[in-house]
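The values are calculated or read from the model by the stated rules, or taken from the named source; none is laboratory data. Small disclaimer: the values here were computed from a predicted structure and weren't measured. Cβ atoms come from the backbone with ideal geometry, glycine included; neighbour counts cover every protein chain shown. Accessible surface areas use protein heavy atoms only, side chains included; no ligands, DNA or RNA. Shrake-Rupley method; radii C 1.70, N 1.55, O 1.52, S 1.80 Å.
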Number of protein chains: 2
Amino acid sequence: MNDTVKYVLDESRIPKHWYNLMADLPSPPPPVLHPGTMQPIGPNDLAPLFPMALIEQEVSTAREIEIPGPVREIYRQWRPSPLYRARRLEKVLQTPAKIYYKYEGVSPAGSHKPNTAVAQAFYNRESGIKKITTETGAGQWGSALAFAGALFGIEIKVFMVRVSYNQKPYRRALMETYGAQCIASPSDQTNSGRAILAQKKDHPGSLGIAISEAVEVAATHDDTKYALGSVLNHVLTHQTVVGQEAMAQLEMAGDDPDVLVGCTGGGSNFAGLVFPFLGAQLRGGKKRRIVAIEPSACPSLTRGKYAYDFGDTAHLTPLVKMHTLGSTFTPPGFHAGGLRYHGMSPLVSHCKQLGLLEARAYRQKEVFDAGVQFARAEGILPAPEANHAVKGAIDEALRCKQEGKSQVILFNLCGHGHFDMQAYMDYFSGKLVDLEYDESELAMALAGLPSVKAA
Amino acid sequence: MNDTVKYVLDESRIPKHWYNLMADLPSPPPPVLHPGTMQPIGPNDLAPLFPMALIEQEVSTAREIEIPGPVREIYRQWRPSPLYRARRLEKVLQTPAKIYYKYEGVSPAGSHKPNTAVAQAFYNRESGIKKITTETGAGQWGSALAFAGALFGIEIKVFMVRVSYNQKPYRRALMETYGAQCIASPSDQTNSGRAILAQKKDHPGSLGIAISEAVEVAATHDDTKYALGSVLNHVLTHQTVVGQEAMAQLEMAGDDPDVLVGCTGGGSNFAGLVFPFLGAQLRGGKKRRIVAIEPSACPSLTRGKYAYDFGDTAHLTPLVKMHTLGSTFTPPGFHAGGLRYHGMSPLVSHCKQLGLLEARAYRQKEVFDAGVQFARAEGILPAPEANHAVKGAIDEALRCKQEGKSQVILFNLCGHGHFDMQAYMDYFSGKLVDLEYDESELAMALAGLPSVKAA
């Protein structure tokens, strides 16, 4: 039997540094702007929200940022995560391609999110912070920060997008088990939340709204900071442990990938896998195809505009240049709640503009077809978000079959779907259907983008 | 920070043999009897239910049984599983004890069950079998066999205890994702099920009833065999990969356990951890305390009678000598569905009779208190069954604190609780209460034990 092969690194091979793509880009991304002055923001503008160590990482151009000892110690609980060769899936697909996947579902919270949650909780504790607010979509990020908060004795308050809060009560139970507080957003606890509820009492919520609520609480409480689970440079940088380990593991396997695939919501699991490879390419290494997969119902990279926009709905954040559907855009309630964000990480967006990566959008049903096919072959049940990457990798493998090419495909299986079983139940009962966004709402959201002269 | 330490073995250290305790016992357990003749059964009596290779293992007295290559290849997906030192928990408890746990939740189905499911599916496929029936309580076993069936192309039909079927719909969804069929038991698909439903239309079911249904289908269909997830010798033997790995990992850690703890339903995760250590002891090695933890609402080891009894409710199985609450006993619907069995593995029962192990029963609420304390310290959310072992280990650590002893405690964290979040929700909302069995029902069930003259 040509069975699944697992590549395991010794824990001495947990990366000692995070990799910062900023050091190798041919040009820097456009600056972050203060929405009042339209001038580039400085570290002090962010000080109410983040500890200074994270602000420094956000603007750093150093190639390597040392991972603090206590963070590496906690990483040891699940890192290095395994890299698998999906031989059983290859056999089912009858493809000459080699399919590898990095599996981040082995973390206590079940996804890649603890890679940055632990780091962020550490820096907050170092600066004496006792409370952190955040938002969460599907709950992967909220439960990761709840886990990290439990380790460092930090109180965590999570604003969870209401549609996910209702769809995924068990994610909430997980956060509560870790000792965090979880609130459906929009809530009546903030001005931003109350303003939305006044317009629409049963508003399903969105990541943009939940961010507004979490930012508002942090900005108005001295003892409280805010944490974001994706989008920002420092978050993407923390995730590069994924790609660094994958490089070492593929070296063990004697293979070098031709195609890298990841799913994109805010961009962090994708960047975590591909940035170390992209950096090597930018320093003169092998050119690889890099493919970002997003949901067709929230298609920031494939249908959004590359423009300055707010990160949140209530416009409490600075302006960042990114692929955006407009901060007022509310995507339909599909199951991959972690991908329901109107914007894309500025760094990933910049790479797209530089022609360093491709983007592709899939519908919900075809993505679950792929996830079930994967689960039956490989035994691991992927999260709905990860199913996008699975589908992307399968399509690449089928292309290889058609072209008779034995390429090497690597994708990030960023989390398991144990807390998303309602989605699978809906899939099997035929209730899971493709959802489309409202074209006129998108047009209106795009028309409402803030007007910004080039800085 | 004295953080959690993980001990990882290279995949070359996956055991090459299963360990069979029968080889080292001072006396063999009493024979299995044919209920018609009251004579010891022979291999042919079991042939309608199991492939011959498994029947041979069931009666083998060889110390080592070689693990077939294809089974070891599949084990590589998640084995060797990690052994952790729970330093964060030790710190919370302020205990001088060292607490280690073997974590079996890393398997694709989330528990120790695939260790035997893969082996059983392999031997069935080798003998040309295309369909297997089984029963499941909480669904850990059913999903493990569904996973193994998907790998070997075997059709799996699972009779799931109705109370669990209703409490845990997501476990069912997992089995269906793997391609298995899952039926609430008692069902109208078998004579055994119909007889129970005729007595009580809304019967909550029990493992004993579900076993009757699965056995009946296998016994009446030539192309179908039956698989059991615990209790039998060969199943316990397959689980000894757990204890063998733990021995090697503790050697890496430079420690030798004084106390071993596991939860017991049918006995397989417990035996898997402790039998290799017990064997070493029986061959003249160190004497250790071995503690079995069971639910006080289904207390076969602490309140049951050591007697010949049927393994199922409809009396389709042979008679085995074990600690039993009587085959008609229906335990209340507590959350640790995997521990809701009227009997105990004959081999574990025999060890208890020989004074080789202790047993202790806990109530549901205190067990969840322990599980939540563990999750907050260690980040891993245990299954309700595993919470029993957690509570047992914590109590031992607190005893060490009281006695000022720095003993080494090892327990088996046999699965994660991702599919049991309703139990945690009930716990936090105050709905999870201690359940008691009906004393008069127990008395009646014990009075109804078959009368067997010593063979």
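Would a scan of region B:30-43 turn up a residue that is without any contact (Cβ under 8 Å) to a residue 40 or more places away in the chain and within 11 Å of chain A (Cβ to nearest Cβ)?
no
With respect to the numbered conditions (1) β-branched (Val, Ile, Thr); (2) open to solvent by less than 10 Å² (accessible area, probe 1.4 Å); (3) touching a Lys or Arg at 6+ places or on another chain (Cβ under 9 Å), which one is the sole condition not fulfilled by B:Val348?
(3)
Answer with yes or no whether B:Leu442 is closer than 27 Å to B:Gly105 by Cα and among the aliphatic types (A, V, I, L, M).
no
Name, by its number, the condition in (1) open to solvent by 10 Å² or more (accessible area, probe 1.4 Å); (2) modelled with pLDDT of 95 or more that does not hold for B:Ser111.
Of the numbered conditions (1) open to solvent by 10 Å² or more (accessible area, probe 1.4 Å); (2) modelled with pLDDT of 95 or more, the odd one out for B:Ser111 is (1).
Name, by its number, the condition in (1) out of contact with any strand residue (DSSP E or B) (no Cβ under 6 Å at 6 or more places or on another chain); (2) buried (at least 24 other Cβ atoms within 10 Å of the Cβ) that does not hold for B:Gly415.
Here B:Gly415 meets the rest and fails (1).
Kindly list the number of the only condition in (1) within 14 Å of chain B (Cβ to nearest Cβ); (2) without any contact (Cβ under 8 Å) to a residue 40 or more places away in the chain; (3) of a type in the set (Ser, Thr, Tyr) that fails for A:Tyr103.
(2)
Out of the residues in region A:175-191 meeting the condition of being assigned to a helix (DSSP H, G or I) and out of contact with any strand residue (DSSP E or B) (no Cβ under 9 Å at 6 or more places or on another chain), tell me which one is surrounded by the fewest Cβ atoms within 10 Å (Cβ to Cβ).
Among them, the one singled out is A:Asn191.
Please go through region B:167-190 and pick out each residue that is in contact (Cβ under 8 Å) with a residue 40 or more places away in the chain and away from chain A (no Cβ under 14 Å).
B:Ser185
Among the residues of region A:13-26, is any under 29 Å from A:Pro68 (Cα atoms), touching a residue at least 24 places away in the same chain (Cβ under 8 Å) and within 14 Å of another protein chain (Cβ to nearest Cβ)?
yes
Here are the criteria: (1) modelled with pLDDT under 95; (2) open to solvent by 30 Å² or more (accessible area, probe 1.4 Å); (3) basic (Lys, Arg). Tell me which single one A:Lys168 does not satisfy.
That leaves (2) as the condition not met.
From the list B:Pro30, B:Pro26, B:Pro48, pick out the single residue that is closer than 25 Å to B:Leu354 by Cα, surrounded by fewer than 18 Cβ atoms within 10 Å (Cβ to Cβ) and of a type outside the set (D, E, K, R).
B:Pro26
Looking at A:Glu251 and the list (1) in contact (Cβ under 8 Å) with a residue 12 or more places away in the chain; (2) over 16 Å from A:Tyr75 (Cβ atoms), which single condition is not satisfied?
(1)
Matching residues to (1) at pLDDT below 95; (2) among the hydroxyl-bearing types (Ser, Thr, Tyr); (3) under 24 Å from B:Gly254 (Cα atoms):
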{"position": "B:His388", "(1), (2), (3)": "no, no, no"}
{"position": "B:Gly392", "(1), (2), (3)": "no, no, yes"}
{"position": "B:Arg399", "(1), (2), (3)": "no, no, yes"}
{"position": "B:Gly404", "(1), (2), (3)": "no, no, yes"}
{"position": "B:Ile409", "(1), (2), (3)": "no, no, yes"}
{"position": "B:Cys414", "(1), (2), (3)": "no, no, yes"}
{"position": "B:His418", "(1), (2), (3)": "no, no, no"}
{"position": "B:Gln422", "(1), (2), (3)": "yes, no, no"}
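Within 14 Å of chain B (Cβ to nearest Cβ) and of a type outside the set (Asp, Glu), is that true of A:Ile196?
No: the conditions fail for A:Ile196.
For region B:302-333, which residues satisfy the criterion of being crowded, with 24+ Cβ neighbours inside 10 Å and more than 19 Å from B:Val215 (Cβ to Cβ)?
The answer is B:Gly304, B:His323, B:Leu325, B:Pro331.
How many of the residues making up region B:74-96 are among the charged types (D, E, K, R) and either within 16 Å of B:Gly415 (Cα to Cα) or open to solvent by less than 20 Å² (accessible area, probe 1.4 Å) (or both)?
Here the count works out to 2.
Quick check on my filter: what residues within region A:297-320 are in contact with an Asp or Glu (Cβ under 8 Å, 6 or more places away or on another chain) and either over 18 Å from A:Pro450 (Cα atoms) or not in a loop (DSSP other than H, G, I, E, B) (or both)?
A:Ala297, A:Ser300, A:Leu301, A:Thr302, A:Leu319, A:Val320
Take the residues in region B:207-227 that are touching a strand residue (DSSP E or B) at 6+ places or on another chain (Cβ under 6 Å) and hydroxyl-bearing (Ser, Thr, Tyr), then tell me which one is nearest to B:Pro114 (Cα to Cα).
B:Tyr226
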